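Below: one structure, written as structure tokens.
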Amino acid sequence: VAVERPAEPEQKHTRCTPAQGLVALFALKSITEDNVLAAIDQIPDPVQQYTARIGYQRATVWERNSPTMQTMAQLLQLSGPDLDALFAYAVEVQV
């Protein structure tokens, strides 16, 4: 008698490279790098704006749950499911 194993929980992707993320943003939402930079320019607090800019331009990994990613998601009007789809798509991008 075969024993049925329970289904594995769906793996949520929470990390990608900035290049993968940018390709995913464009493929899924037609958001370009210029759109991202324009969104950062809309942050009114200069420290938060600088933090977002450095996080965006210097990070070697995008972390889905980081404060900067959450700020960018809000500015780009990305929902939680949008972020899930973005990271799931991004990890498959080869650049």
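The values are calculated or read from the model by the stated rules, or taken from the named source; none is laboratory data. Because the structure is a prediction, the values reported are computed rather than measured. Every residue, glycine as well, gets a Cβ built from its backbone with ideal geometry; the counts of neighbours run over all protein chains shown. What goes into the accessible areas is simple: the full protein's heavy atoms, side chains included, and nothing from ligands, DNA or RNA. Shrake-Rupley method; radii C 1.70, N 1.55, O 1.52, S 1.80 Å.
At-a-glance table
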item: Rough spin-label spacing in nm, given labels placed 7 Å along Cα→Cβ, for Thr14 and Val95; result: 2.3 nm
item: Cα-centre dipole for region 19-87 with unit charges at Cβ (Lys and Arg positive, Asp and Glu negative), debye to 20; result: 100 debye
item: Where labels lie 7 Å past Cα in the beta-carbon direction, separation of Lys29 and Glu63 in nm; result: 2.0 nm
item: Additional length obtainable on full extension of the chain from Ile54 to Ala38, 0.36 nm per residue less Cα span; result: 4.3 nm
item: Whole-number accessible area per residue in Å² for the chain, which is evaluated in the context of all protein chains at 1.4 Å; result: 70 Å²
